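Inspection log for the structure reproduced underneath, given as structure tokens.
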Amino acid sequence: MVFPISDDNTGRTRTPYVTFTLIALNVLVFVFLQGMGTNERFTYAFSTVPQEIRTGEDIARDVTVDLGGERGTIPLQPTPGGVYLTLLISMFMHGSLMHLLGNMLFLWIFGDNVEDDLSHVRFTAFYLVTGVAASLAHVWFTFALGDNPFIPSLGASGAISGVMGGYLVLHPHRRVRVIMLRMLTEVPGYVAVGLWFVLQLISAFGVIGLGPEAGGGVAFMAHIGGFVAGVVLVKLFAVGRRQPARARAPW
């Protein structure tokens, strides 16, 4: 288990205004629009529902699902503005305070250096594009694997996975402070991010093997889809950008 807690920002030349803004938006949405998780009407209106994305039809009724071997009801709500808007809005929503804090920590660690590379405007576009790609990957795999298409998904982790994919490409040797085997240490970026991605793959295939209800509500395919999108797209978003000189890491 590798848990990143910070990284070396030596050589960063831009103040990460977009990263700060994204963190603020996520917090504000959770606190004021989701009511710290109590406003289910808003949450179920703007979460991404695979069936809605596939058909384009808004589903506003109670649906019965099987979660963890138990039957439950999800009160899906009408979505003002159309269901495809949920692909964007859902990436600023979270299911719990711990969900929010974990995602914002990862965005804080990895977002600033990728923003420094791409510029503020390009980083904003990169974040949104990889976030939408992550949601679409989750939708596609939901139907490909026969999971329940009425279970909504939400969270910034797909877009942040894209940022981590970009970080792996642009900063494979940057020092990342991690908790590993209950010890605080430093590892290269490719170790911190690479081991995280391996964990997503293992978790995803474990869920596939155990059935759609075994994932504990975590959309691992969104993580994988966002990460792959970040790896593939970051160099495209960086085209024409002159990268500042950086101190080389000792790996």
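Worth pointing out:
- Test for Asp7: is it charged (D, E, K, R), under 30 Å from Val193 (Cβ atoms), touching a helix residue (DSSP H, G or I) at 6+ places or on another chain (Cβ under 8 Å) and modelled with pLDDT of 95 or more: yes
- Residue match in region 163-176 (condition: in contact (Cβ under 8 Å) with a residue 40 or more places away in the chain, outside any helix (DSSP H, G or I) and surrounded by fewer than 17 Cβ atoms within 10 Å (Cβ to Cβ)): yes
- Qualifying residues in region 1-47 (those that are in contact with a Lys or Arg (Cβ under 8 Å, 6 or more places away or on another chain) and of a type in the set (Gly, Ala, Ser)) - the one farthest from Asp116 (Cα to Cα): Ser6
- Qualifying residue in region 126-136 (condition: touching a His at 6+ places or on another chain (Cβ under 9 Å) and modelled with pLDDT of 95 or more): yes
- Taking strands (runs of 3 or more DSSP E) as the structural unit, those lying wholly within region 1-115 and holding at least 2 residues that are surrounded by fewer than 16 Cβ atoms within 10 Å (Cβ to Cβ) and in contact (Cβ under 8 Å) with a residue 12 or more places away in the chain correspond to 2-7, 62-67.
- Selected residue [out of contact with any Leu (no Cβ under 7 Å at 6 or more places or on another chain) and within 24 Å of Gln200 (Cβ to Cβ)] from Thr86, Thr38: Thr86
- Which numbered condition Ser96 misses (of (1) over 21 Å from the mean Cα position of the chain (by Cα); (2) small (Gly, Ala, Ser); (3) farther than 21 Å from Asp147 by Cα): (1)
The values are calculated or read from the model by the stated rules, or taken from the named source; none is laboratory data. These numbers come from a predicted model, not from an experiment. Every residue, glycine among them, receives a Cβ derived from its backbone with ideal geometry; neighbour counts consider all protein chains shown.
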